[in-house]
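Engineer: I'd like to ask you about the structure that follows.
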Amino acid sequence: MAATAEQITDLPVLTEAHRESAPHPVNGYKRFEIGSFRFERDEYFARIQCPTVTHVMDVENFMRSMIRDVAWGFFYGWVNFDEVFGTVNNYDSVDVFMGAYNQAYKDSGTDFTERFEPGVLQACFKGLMLDWTNAGFNPFAAPLETGSGRGPKNGSNDEAVNFQRELADRFVSLPGDTPIRSDENGRPVNRQFADVDQSEPEVHAEAGFEGQLAAFNLFKYLSRSPVTWNPSIVSIVRSSAYCPTSEEHILPVDHGNDRVEWFIQMSDEITWRVADKDSAAPMSVVTMKAGDVACMPADIRHRGFSPKRSMLLVWENLTPGLEKRYASGELPPVPATF
Ligand code: PHB
Ligand code: FE
């Protein structure tokens, strides 16, 4: 197996802005085009057209994937909406692909990739999400906590589409850390975290260190998260980022890693479906229970299934250029061999 998926090295970067049609006379949604990709939706489905094929997806699944691709700034490496369509973050550009990481499409020559300037692609995807999201549908919410995204155009939900993760100005709970404190923002404890202890830790600083030592209850913070499958960053120490998140139902994308990534299951359980990054061939199924720690290798794609809301800590290595060191084979795709 190759260390990482084959990345295309010599594509032109398209910088032309996207095009939007007038609203469809029957269902009310606009059509969006960028480069040679065309995106259309109807009451149930999203249709994506490129010069080689047309792809069809359930529209709610499509929007749950796209909102994360937008909010995460295209994330690390591969964001597969399903086994066929997705994006690759090259950091100075973004590839949009159809079947390029699916063996059957590659074998039949129907795979297709175009490369875009990140800002123009972001504007297209964001515009699409604003137009296609109906009132009452929050693509960041768990399915049991939101209305339907299906049906003809019915209002909008810009607040949900524009949702931004909270950023701490300094270490959480030190004076001036606002606005990260979810409880103070009035967010209620999630129905499935009613048993999570809400007390804050006691901090007793030595004389002279008052105001410099701090601690907060991360479980309390996560128990009040209004969104699912949307890691926030609670600490960064040099290149080490702790990204805890609250998970329920299905991670809408298959993330294809461009580096190893660690998972610490902090409560309940998640089952991960792991597949080959290049071909989408299934590789393994991993169920992580509270306390389990796993490393996702640099050469796979993974999608999580959380039967009840659970807490997961995603530990990311932000070292610049790491993706190139894995892609070249300089670093092995796993952190240890036994
Ligand atoms: C991941 O792809 O590693 C990932 C993404 C979102 C999450 C959790 C994990 O909420
Ligand atoms: Fe991942």
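Engineer: Go through region 280-338 and report how many residues are more than 14 Å from ligand 1 (Cβ to nearest atom), farther than 13 Å from TRP262 by Cα and β-branched (Val, Ile, Thr).
Structural biologist: Of the residues in that region, 4 qualify.
Engineer: Could you say which residue among VAL94, VAL88, VAL84 is surrounded by fewer than 23 Cβ atoms within 10 Å (Cβ to Cβ), more than 13 Å from ligand 1 (Cβ to nearest atom) and not polar (S, T, N, Q)?
Structural biologist: Result of the check over VAL94, VAL88, VAL84: VAL84.
Engineer: Across region 285-336, which residue is nearest to ligand 2 (Cβ to nearest atom) among those that are under 17 Å from GLU269 (Cα atoms) and assigned to a loop (DSSP other than H, G, I, E, B)?
Structural biologist: ASP292
Engineer: Would you confirm whether or not region 329-337 contains a residue that is of a type in the set (Ser, Thr, Tyr) and not assigned by TED's automatic domain parsing to the domain that holds ALA281?
Structural biologist: yes
Engineer: Something else about it: List pairs: first residue in region 93-106 and on the phi < 0 side of the Ramachandran plot, second residue open to solvent by less than 10 Å² (accessible area, probe 1.4 Å) and among the polar types (S, T, N, Q) anywhere in the structure, Cβ distance under 7 angstrom, at least six positions apart or on different chains.
Structural biologist: VAL94/THR87; ASP95/THR87; VAL96/THR87; TYR101/ASN80
Engineer: Moving to a separate point now. Counting residues that are out of contact with any strand residue (DSSP E or B) (no Cβ under 6 Å at 6 or more places or on another chain), which strands (runs of 3 or more DSSP E) fully inside region 181-276 reach at least 2?
Structural biologist: 235-237, 240-250
Engineer: Let me ask another. Say we look at region 233-247 and pick out the residues that are surrounded by fewer than 20 Cβ atoms within 10 Å (Cβ to Cβ) and either of a type outside the set (A, V, I, L, M) or in the same structural domain as PRO143 (by TED's automatic domain parsing) (or both); which of these is farthest from ARG259 (Cα to Cα)?
Structural biologist: So the residue we want is SER235.
Engineer: Count, please, the residues in region 119-144 that happen to be within 19 Å of the chain's Cα centre (by Cα) and open to solvent by 30 Å² or more (accessible area, probe 1.4 Å).
Structural biologist: 7
Engineer: Can you work out which of the residues in region 12-47 that are open to solvent by less than 30 Å² (accessible area, probe 1.4 Å) and in contact with a helix residue (DSSP H, G or I) (Cβ under 8 Å, 6 or more places away or on another chain) is farthest from ALA100 (Cα to Cα)?
Structural biologist: Among residues in region 12-47 that are open to solvent by less than 30 Å² (accessible area, probe 1.4 Å) and in contact with a helix residue (DSSP H, G or I) (Cβ under 8 Å, 6 or more places away or on another chain), the one farthest from ALA100 (Cα to Cα) is TYR29.
Engineer: Let me ask another. If ARG68 passes every condition in (1) among the charged types (D, E, K, R); (2) open to solvent by 10 Å² or more (accessible area, probe 1.4 Å); (3) within 16 Å of ligand 2 (Cβ to nearest atom) but one, which one does it miss?
Structural biologist: (2)
Residue by residue, here is whether (1) touching a Phe, Trp or Tyr at 6+ places or on another chain (Cβ under 6 Å); (2) open to solvent by less than 30 Å² (accessible area, probe 1.4 Å); (3) at pLDDT below 95 holds:
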site	(1), (2), (3)
LEU213	no, no, yes
PRO226	no, no, yes
ASP258	yes, yes, yes
ARG273	no, no, no
MET283	no, no, no
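Engineer: Determine if region 45-61 includes at least one residue that is basic (Lys, Arg) and in a strand (DSSP E or B).
Structural biologist: Looking for residues that are basic (Lys, Arg) and in a strand (DSSP E or B), one finds at least one in region 45-61, hence yes.
Engineer: Okay, next question. What number of residues in region 229-248 are away from ligand 1 (no atom under 11 Å from the Cβ) and of a type outside the set (Gly, Ala, Ser)?
Structural biologist: Qualifying residue count for the region: 6.
Engineer: Being more than 26 Å from GLU261 (Cβ to Cβ) and modelled with pLDDT under 95 is true for just one of SER173, SER156. Which residue is that?
Structural biologist: SER173
The values are calculated or read from the model by the stated rules, or taken from the named source; none is laboratory data. What you are looking at is a predicted structure, and each value in this text was computed from that prediction instead of being measured. Using ideal geometry, Cβ is built from the backbone for each residue, glycine included, and neighbour counts are taken over all protein chains shown. Ligands, DNA and RNA are stripped out before the accessible areas are found, and what is left, the full protein with its side chains, is counted by its heavy atoms. Shrake-Rupley method; radii C 1.70, N 1.55, O 1.52, S 1.80 Å.
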